[in-house]
Every structure is written in C-alpha cells, then in structure tokens.
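To start, the structure under review is shown below, and the notes come after it.
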Amino acid sequence: MKKILQGNEAIARGAWEAGVVVGCAYPGTPSSEIMAELSKYKEIYTEWSPNEKVAVEVAHGASLAGGRAMACMKHVGLNVAADPFMTISYTGVKGGLVIVVADDPGQHSSQNEQDSRNWTRFGKVPMLEPADSEECKDFTKAAFEISERFDTPVLLRSETRVSHCDSPVELGERKESTIQRGLDQKETPKYVMVPMYARVKRVAIEERIAKLADYADSEFPYNAMEINDPSIGFITSGVTYLYTKEVFPQYSFLKLGMVWPLPKKMIAAFFKKVKKVMVVEELDPFLETEIKAMGHKVRYGKNVIPAIGELSPSIVKQSLMKAVEGKRFQAPKVRIKSEDLPRRPPNLCAGCAHRPLFYALKKLGLYVFGDIGCYALAVAPPLSAMHASTCMGAGVGGAYGAGKVIGKDGLGKICAVLGDSTFFHSGVTPLMDAAYNKGYSTTIILDNGITAMTG
C-alpha cells in the first residue's frame, strides 16, 4: 500500500518497520516531526530528552541492551551531542543505533548553516542521505541493518526540503530485530573507553571504515550510476540529485545514497564512462574535496555553484547552464516586482506573553543576552530588546561573563533571558557557575510550560 508522507513521517515509519523500540530527541526545526510521528506507534518508547546529548546517551543505552534505538536532532543539536557521539563510534553498538541529523541550508530557522556531512568523516561513521520520502523510509531501515552488521552508529542526514517534502511511500510491515536483549558484563572491554580499551578500538574503527568502503562500492544498493549522454556526468546526492535531474535529465548521473565512506571504485568507473564530471552539492564542497583527493578532475563544482544557502532547480540551472550547454541562463520574467509585495517579517504573536516582558526590559534600558527560540524575535523593532544571542543556554553564561568585566556597575544593567526548556537543556550549568562565583547579572527564566520553538 502506498501513502503520501512527509519526509519526517517517512523516517518515523522506517524506524517502526525496522523494529525500533526506543526513540529520543530534542525538538528543533526541521527535525521535530520525526519523534512526534514516532510516538504514535505503540511498540516504541519515545521521549523528548532534556537535550540532544542526553537523547544520544539514552539511545545508546537502549542499544547496549539489545534494542534498536534512534536519536533525532537538527544540525546544531549534533554539536551538543558530539561528546557521546564521538566515543560511541569507538564502542560500537549491539542493537542498531541511528542518529538522525536534519540540516537547514538557507538558515530558515537556525542560527548557523553548518554541513553535518563533516561529522561523518570526523566521527568515522557511515552517513546515508535520502532524496525523497520513499528514500527516507528505505534509508532508515537500511541504516539499522548497516549499524548492526558493522557494529557502528549510523548518521542519517536530512535537510529542510527533504524533511518537509511530501511524496508517495510504499508501506511495509514491522520486522523485529533478531539481536538478543539483555546486558552482559563480559562486554566491559567493548563499552568502557578507558585508554587501554580505547586504543584497541581506535584500530578497529579504521578496519571498520575500510569494510564499509568496500560495502559502499559493491553492495549498497542506493549508490547507482545512470549512464545516458556520456558527454557530461553529474555526481550528486540527496535533494540536489532531484534538482539536477530535473534540469539536465539527458545527461549521466552518479547518485550517492551513502555519502561516507565514498565508493572509490564506482567513482573511478564513472569518470571512465563520462567525459566531463561536475559535482553538485549543497553547502560545503564535501564530495568535491574527497573526489579531487582521489586524483580525479572535477571540471565544475563550487567554482560555479554557490556554497552559501539553499540550492534549487533554478539555481542549479543558472550556475551550470553555460558550463553544460554553452548558453547563458535566461531568468524567467517576473510580473510582480518584489518591492510591490507587502513585507511580513516574523514577529511575536499577538497576545504573546513575551511582548510585555521585553517591552519592560527595553524601558529599563537593560543589555539583554537572549537565547534560541521565539523570544529571539524580540530583536526586531519596535521591541529591539535583545542584544546578543549565540546558542541554547549561552545567554546565561554570556551575561555572567560580561558582568565579570563590568563589575558591580553592571548590577541592574545586564540580564539573561531564556525559556524553561532551554534552562533544562543547557542553561542550568552556566547559572550554577554564576551563582557559585557571585556574578553581577540577572537571569530571567520564562515559565512557558512547553518546548514551543527552537528555531
């Protein structure tokens, strides 16, 4: 049976079909819907964890007990989870463990535009990158199989367009994992990363990544060549494959479903089959850099394709039209001038309790260290009552640090504002620091009673 699913819904469906028993997340656009959807399946325990680090640690614990587990977050959330993630690469897993990270090219609801593919090379773990909802489901299931087969956590990378697209998905049945449940004290050397055990595992992960590279070349079914017109070949992955295929369907493609480790033999074979190779990818030149390091000549990549912002079929066409067909891109005529459209920047909702708070802070003339969430909109006129915002929880530490420079003169002039969810996420530790070391700033914790918005 087929059903139209959002990409995030399809990831949840894939986890259910794969036999997942534990799902953990901290909400963050564009990943939030995954855990909300996963919670609808009665066979799975789900939770909103205090932060992404805790989510990964809980999921890893479930894996050690033999259950398949998944942790979900947006790209900046993986920064928070990096501490356990980097060591879980060493310990490996028992039950399959998949970490879903949703990137946000174009910064639609994020404080930065980082490319999470860099984590896969850094952490020495495989990464899969789906292009549509069907692949979201299929790749999620494949990720759990890879995790258990190669004793590794697996990163599944989505993006805003993939997470929020709607397309047909072939629904399957749930299949329980055959891994035996339970904890075994004899496995201590595998899971306790003191130096004498970690040094052994350091060698093992290099052997594992070599085996994964062979698997990517010979067995992984979602790395595929499409040889059409051999004069030009595109190497791409994820949603950029769909963009490029829409614009230049007549040419050849190497579509990578596993973006790390890369299938070196397949890439070399593709270069032999086509005359001119172009790499199309969003954000960093991740694929391009690795392919060039293999000794291959990439004619066009980030030398013509933007490395900033979200791509689209029109941007791909505009970037490559001259390189591909020797023609200049002709932009379609726009009948309505952009300046004629009413401007509607985001703003705090009418009746929102944040409005009077920030109005009061503005009247008091305080320097406000803010945080990530709805209240970041207080930076906009007419409130204009937020002056610094970095990441979740950072406002408390920032206000405390500024107070240490200004001294007692800062009393009543510096404050930090954060929500209750952000406080438990990462604001409690800098507040303990400020209290213990007698800081000169005021911290305001907004009792929202809910995690309403993180982007």
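The values are calculated or read from the model by the stated rules, or taken from the named source; none is laboratory data. Not measured: the values here are computed from a predicted model. Because the Cβ atoms are built from the backbone with ideal geometry, glycine has one as well, and the counts that use them run over all protein chains shown.
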Restricting attention to strands (runs of 3 or more DSSP E) lying wholly within segment 1-111, give those where 3 or more residues are touching a residue at least 12 places away in the same chain (Cβ under 8 Å) and under 20 Å from E148 (Cβ atoms). 22-25, 69-74, 97-103
Has segment 189-196 got at least one residue that is part of a loop (DSSP other than H, G, I, E, B) and either under 29 Å from the mean Cα position of the chain (by Cα) or under 24 Å from L262 (Cβ atoms) (or both)? yes
Y222 vs (1) more than 30 Å from M321 (Cβ to Cβ); (2) in a loop (DSSP other than H, G, I, E, B): all pass except (1)
Count, please, the residues in segment 21-76 that happen to be closer than 21 Å to R161 by Cβ and among the charged types (D, E, K, R). 3
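Conditions tested, residue by residue: (1) touching a helix residue (DSSP H, G or I) at 6+ places or on another chain (Cβ under 9 Å); (2) assigned to a loop (DSSP other than H, G, I, E, B).
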{"site": "K362", "(1), (2)": "yes, no"}
{"site": "D371", "(1), (2)": "yes, yes"}
{"site": "A378", "(1), (2)": "yes, no"}
{"site": "C391", "(1), (2)": "yes, yes"}
{"site": "V396", "(1), (2)": "yes, no"}
{"site": "K404", "(1), (2)": "yes, no"}
{"site": "C415", "(1), (2)": "yes, no"}
{"site": "L418", "(1), (2)": "yes, no"}
{"site": "F424", "(1), (2)": "no, no"}
Got a sec? Which of V93, V100 is closer than 17 Å to S237 by Cβ and in the same structural domain as V21 (by TED's automatic domain parsing)? V100
With hydrophobic (A, V, I, L, M, F, W, C), buried (at least 22 other Cβ atoms within 10 Å of the Cβ) and either over 24 Å from Q107 (Cα atoms) or touching a residue at least 12 places away in the same chain (Cβ under 8 Å) (or both) as the only criterion, which of I444, I450, I372, I406 stands out? I372
Residue ID - nearest to Y26 (Cα to Cα), chosen from residues in segment 422-441 that are without any contact (Cβ under 8 Å) to a residue 40 or more places away in the chain and among the polar types (S, T, N, Q): T429
By residue number, the members of segment 238-275 that are more than 27 Å from the chain's Cα centre (by Cα) and within 23 Å of S312 (Cβ to Cβ) are F248, P249, Q250, Y251, S252
Right, V162: within 26 Å of the chain's Cα centre (by Cα), part of a helix (DSSP H, G or I) and either in contact (Cβ under 8 Å) with a residue 40 or more places away in the chain or closer than 25 Å to I209 by Cα (or both) or not? yes
Single condition S31 does not satisfy, out of (1) buried (at least 24 other Cβ atoms within 10 Å of the Cβ); (2) more than 18 Å from the chain's Cα centre (by Cα): (2)
